[in-house]
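None of the figures in this text is laboratory data; all of them are computed from the coordinates on show. Just so we're clear, the structure is a prediction, and the values are computed from it rather than from any experiment. Note: ideal-geometry Cβ built from the backbone for every residue, glycine included; neighbour counts use all protein chains shown.
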Amino acid sequence: MPQATYHFPRGFLWGTATAAHQVEGNNTNNQWWKWEQDGHTNGTSGLACDWWGGRWKEDLDRAAESGQNAHRFSVEWSRIQPTPDSWDEHALERYRNMLRGLKERGMTPMVTLHHFSDPLWLYEKDGWEHEEVVALFEKFVRRTVEALKEYCTLWCTINEPNVYALSGYVAGDFPTKRRGVNVAMQVMANMLRGHAAAYRAIHEIQPEARVGFAHHHRPMVAKRAWSPLDLLMRKIRYDGINMGFPSAISTGVMRTPVAKVSIPEAKGTQDFLGLNYYSVDMVSFDITNPKELFTHSECPPGSDMSDTGFIANIPTGLFDSIKWATRTFPNLPIIITENGVEDADDHMRPRYIAQHIHQMWRTVNFNWPVKGYFHWSLVDNFEWERGWTQRFGLWGLDVETQKRIKRPSADLYAEICKENGLSSEMVQKYCPEVFDKLFPV
């Protein structure tokens, strides 16, 4: 049996990622709380993981004890600016306490400034649909960064703007009042303007800051490689989901299949690319689906599937996503800001982690500038419109009692973090079924 270890460079960031609304609890002043109360989600967030009540301390203790040297979390705009004309210094102090807690545990923080949630007052005036939101977001960013800059230099402006725009304004799963592809493109353009304004504001306040955004990248293949229609639909869907934000930051022009918008101020506004990867889509032409521009997506047949069929375990997709990033943004540092799988009984997660980290190691050995990895997630949390039906945590959560339950994958990830690498012994212990794939004779 071969014995080896795939090591990563010294200083590599190993952590987990969380988002404010998903873990804090009783977050009653944003559009998601209202969306939940109106019955649009699978259950309600309620107390979530009770981080606002202080249980972040024990969860970060677990993260630190397991060798994680970083953590990505988001701040909640609606707590910091509860009304258009007021600021809550107590909320900012709570976030300062979290950042102090990370520093005390020897962990590097990454703060996300917008992770899907908006103050209710902003939602009531149609949120990101109108360009006036850009100045409002910049004002919030300035106030927040000024308050937190002592403890953080690594900032993510906006998480998955493509998912925010398309899941809301096209699919209708996220809180919105209006629907349509055109309004979704309008929202994405305003998020680009907001990101660019935030980027410059942060550097003005903190010149040494590293600022980027977290991009959801979804590799895609045509269902029938011989079909011109499937190939065309794959390109339309791929460009529509993956290329709007990146094209604007590369060139100053947001290019999608339905819109081309000049946003010159966005060009070059990132110091790193945050890359969120989960799975791969197989795309075909579907004349019955005009909502998604006559495309249909599914998981490739025979895939290793998660609990609810939400994610297919396709590790090479992470390699392909990083390859895409290096070609789109040459020499730009890359941080994997999310990667994980919903798996309540932990039968799949160990091999998912091992196989994806192996693919990431392959990219590092091409000298591609991957600098860190944040697993989604530290503990089970409220998964947006899907509620508590999906369990992404290394630690399970009993929602009724707030008890944390360690899953075997938590121990695997701890060994990876402490070793700064993935060893054959780890794979043999936690996921022997993929040993021959990762350590072939």
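Observations on the model:
- Values of log10 I(q)/I(0), in the order q = 0.22, 0.33 Å⁻¹, for segment 205-251 under a Debye, Cα-only, solvent-free model: -0.82, -1.15
- For segment 329-441, the spread of Cα positions along each principal axis, largest first, Å: 46, 36, 23
- Linear extension gain, Thr83 paired with Lys418, 0.36 nm per residue minus alpha-carbon span: 116.2 nm
- Packing rank of 105-112, 355-362, where each peptide gets the mean count of other beta carbons within 10 Å, highest leading: 355-362, 105-112
- Kirkwood-based shape ratio for the chain, expressed as Rg/Rh from alpha carbons: 0.94
- For the listed residue pairs Lys103/Lys149; Lys57/Lys429; Lys57/Lys403; Lys34/Lys177, the alpha carbons are over 23 angstrom apart in Lys57/Lys429.
- A cut-off under 14 angstrom between Cβ atoms defines the neighbours of His115, and their net charge, with Lys, Arg +1 and Asp, Glu -1, is -4.
- Comparing Ser423, Ser86, Ser377 in a Gaussian network model of the chain where C-alpha atoms under 10 Å apart are linked, the largest mean-square fluctuation is found at Ser86.
- Computed log₁₀ I(q)/I(0) - Debye formula, equal Cα scatterers, no solvent, segment 1-111, q 0.15 Å⁻¹: -0.73
- Student exercise, the chain dipole from Lys, Arg, Asp, Glu Cβ charges, in Debye to nearest 20: 1140 debye
- Segment 141-284: C-alpha pair distances exceeding 24 Å, %: 37 percent
- Volume per residue of the C-alpha convex hull in segment 130-208, rounded to whole Å³: 91 Å³
- Using C-alpha pairs below 8 Å separated by at least 6 residues, the relative contact order for segment 126-254 is 31 percent.
- Efficiency of FRET from Cβ geometry, Ser227 and Asp398, R₀ 41 Å, rounded to 0.05: 0.30
- Size descriptor for segment 56-209, Kirkwood hydrodynamic radius: 16.3 Å (Cα pairs only, one decimal).
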